[in-house]
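Notes to accompany the following structure.
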Amino acid sequence: MSASSSIISSGRGSRASKVAKDHKKPTPDALKGAIQLAIGYAVGNLSSKPDRDVLMQDFSVVESVFLPSEGSNLTPAHHFPDFRLKTYAPLAFRYFRELFGIKPDDYLYSICNEPLIELSNPGASSSWFYLTGDDEFIIKTVQLKEAEFLQKLLPGYYMNLNQNPRTLLPKFYGLYCIQCGGVTLRVVVMNNVLPRAMNMNYKYDLKGSSYKRRASRKERTKSSPTFKDLDFQEMHGGLCFDAETHSALMRTLQRDCRVLESFKIMDYSLLLGIHVLDHKVSGRESRRDSRKQKVLYSTALESIRGTMKDPEPVADDDDTLGGIPAKHKDENLLIFLGIIDILQSYRFIKKVEHSWKSLLHDGDTVSVHRPNFYADRFLKFMGSVVFRRIHPLRKASSKRKKNSFNAVKSASQELLCPQKQNGEKKKAQSMDNLDVCSSSEQPDLLPKSAVTFKSTEEEERLDSSEHRRGSSSTLALDDPLPSHSRSLSVPELDVYL
C-alpha cells in the first residue's frame, strides 16, 4: 500500500490526518486515468473466460481485485495511486455488449485510447459525466443505491433487451467501482445520446411535470444550456413528424414506459437534442472522417425504426448521424433523443418526498410521483405537447373527393330520375298498347279469310265487347280474352299463338 493511503487509514481520528487525507485525494486527471485503467483491465481479464450462456447467478457476481501502482503478478504497473476495482456482473455485461455488436477491441479502444472528456451536469444530481474521445460512450458516476438497484434490475433488463434491442432506454455496457485514495467512484458505461460531432442548437430535459421545470439563471448563462419542460412550451411548443415516424416514436415510448413502470421506476427524463439544418455544414467533416459506428441500435432513428433482423447501421458518410427528421414551422430539424436517469425507484424516501411536496403544491405537477401516474403523465406530455403528427394534404383532398362523390351521387340521381320516369312512361305506353291491341286493333291482326268463319251473331257480340273495352283505360285479364278465345275457331287460335 502507498504512503498516502496508509496515512489515511491510520489517522482518521485526528484533525491532521483529515488534512492529509484531503491533501492526498487523487486529482481529476488521476481519477479519469484510474477509470480507464480499471475498465481496460476488467475487459482484458474477461477475454480469458470462455463464452457460455448467461445464468441467473451471473447477474449477482461481483469480482474484486487490488491494483497497486508497482504492479503484481496479475495486475500491470501504473502511475496512479493504488486502487481497488470491483466489476459487477461481468459475464452479463459482456452479453449486453455482444448484443449491440460491440467488439472487445473496439470497446477498449474507445475508452482507453484518448483521455476522457469531462462534461457538465445540468441536473440536480451530483453525478459526474465523462465522454469517450470517439463520441461513442458516456461514463456516469452513480450512487451506491443506484448501483445496487441496477444490479437487481439486470435480469429484467436482460429479458427486455432480448425481446427488443430497439429501445430509447439507456443501454448499459458495464458497471464498475473504483476505490482510489479515499474516494469511491461507482461508474456505469452507457450509450451517448447526443453526439458531440453534431451541433445541438437546443437541448431539453423533459419529464412531463411543471413544478420547478424551468432552467435556472446559471444554466441559461452556459454556452449550451439545457432547458426544461416550461422552456420547451415557450420556445418550441411542438415538433412535427410524418405519420410513420410519429407512430414509431410514440409506440417505442409507450413500450419503454411500460417496462419502467413494471420495475417501479419513476423520475426519469427524455433528453432531447435539436439540430437546425442549414445549407452550410461546418466543423464536422474532420471528426466524421475517422468515425465509424461501433454500436448497433445506438442512434435515435435506429432506436425507433427498422426490423430486428439485418439492421442497417448508419453509413460512414451520413451527415445526419442517425438523427430523426422533423419540422418546426419553416425549419427543418434533426432530433436526437433518449430516456435517461432510470435508476430512481419509488422507494420510501421518494414516497416521503412526494407527500411533502404535495402538501405545499399540486401533487400532480411535481416530478416525483407513483410509477403508473408518472408514465401516463410522461406519455401524455410527449404525445400532445412535444411530438406532433404532420397532417397530410390528402386529408383535404379526401374531403374534396367526398364532396365530389356527393355531387356525382346527386347528379346520378337526377339522371336516373328522368330515366325512371321515361321507363314508367314506356311501361304505361306498353300497357296502353296492350290495351289497344287487346281491344279494337285485335281483329285487324286476323286475316280477312278468317272472318268468313264468323256468324253474324258472333260479329255483333264482338262489336259490343270492343265498344266496352275501348272505353276502358285498363286491361281486364279475366273478362275479354278468355271469352274471346273460347269464341274463336281453330284458325284464329293459330294466329294469336
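The values are calculated or read from the model by the stated rules, or taken from the named source; none is laboratory data. Please read these numbers as outputs of a predicted model, since none were measured by experiment. With ideal geometry, Cβ positions are generated from the backbone for all residues, glycine too; neighbour counts draw on all protein chains shown.
Kindly check whether there is at least one residue in the stretch 210-229 that is polar (S, T, N, Q), surrounded by 17 or more Cβ atoms within 10 Å (Cβ to Cβ) and within 21 Å of LEU277 (Cα to Cα).
Within the stretch 210-229, one or more residues are polar (S, T, N, Q), surrounded by 17 or more Cβ atoms within 10 Å (Cβ to Cβ) and within 21 Å of LEU277 (Cα to Cα).
Looking at (1) under 19 Å from TYR268 (Cα atoms); (2) surrounded by fewer than 21 Cβ atoms within 10 Å (Cβ to Cβ); (3) of a type outside the set (Gly, Ala, Ser), can you tell me which one PRO155 breaks?
It is condition (1) that PRO155 fails.
For the stretch 305-316, state whether one or more residues are at pLDDT 90 or above and either surrounded by fewer than 17 Cβ atoms within 10 Å (Cβ to Cβ) or not in a strand (DSSP E or B) (or both).
no
How many residues are aliphatic (A, V, I, L, M) and in contact (Cβ under 8 Å) with a residue 60 or more places away in the chain when one looks only at the stretch 216-246?
Result for the stretch 216-246: 2.
Collect the residues in the stretch 252-280 that are polar (S, T, N, Q) and over 20 Å from SER224 (Cα atoms), keeping them in residue-number order.
THR252, GLN254, SER262
Is it the case that the stretch 115-137 has a residue that's crowded, with 17+ Cβ neighbours inside 10 Å, under 30 Å from THR221 (Cα atoms), in the same structural domain as TYR157 (by TED's automatic domain parsing) and in contact with a Pro (Cβ under 7 Å, 6 or more places away or on another chain)?
yes
Being over 27 Å from the mean Cα position of the chain (by Cα) and among the polar types (S, T, N, Q) is the filter here; which residues of the stretch 97-150 pass it?
Hits for the stretch 97-150 are SER110, ASN113, SER120, SER125, SER126, SER127, THR132, THR141, GLN143.
I need a count of the residues in the stretch 357-389 that are outside any helix (DSSP H, G or I), among the acidic types (Asp, Glu) and at pLDDT 90 or above.
Residues that pass the stated criteria total 0.
State whether one or more residues within the stretch 179-189 are closer than 25 Å to LEU301 by Cα and either over 20 Å from the mean Cα position of the chain (by Cα) or modelled with pLDDT under 95 (or both).
yes
Can you tell me which residue among SER48, SER69 is surrounded by fewer than 12 Cβ atoms within 10 Å (Cβ to Cβ), over 21 Å from TYR130 (Cβ atoms) and of a type in the set (Ser, Thr, Tyr)?
After ruling out the rest, the residue left standing is SER48.
Please determine, by comparing only the residues of the stretch 230-241 that are out of contact with any strand residue (DSSP E or B) (no Cβ under 8 Å at 6 or more places or on another chain) and under 20 Å from LEU333 (Cα atoms), which one is surrounded by the fewest Cβ atoms within 10 Å (Cβ to Cβ).
Only one residue tops the list, namely GLU234.
Whether any residue in the stretch 326-348 is among the hydroxyl-bearing types (Ser, Thr, Tyr), over 25 Å from VAL142 (Cβ atoms) and at pLDDT below 90 is what I want to check.
No, there is no match, as no residue in the stretch 326-348 is among the hydroxyl-bearing types (Ser, Thr, Tyr), over 25 Å from VAL142 (Cβ atoms) and at pLDDT below 90.
Conditions first: (1) in contact (Cβ under 8 Å) with a residue 60 or more places away in the chain; (2) assigned to a strand (DSSP E or B); (3) over 22 Å from TYR374 (Cα atoms). THR184 passes all but one, so which condition is the exception?
(1)
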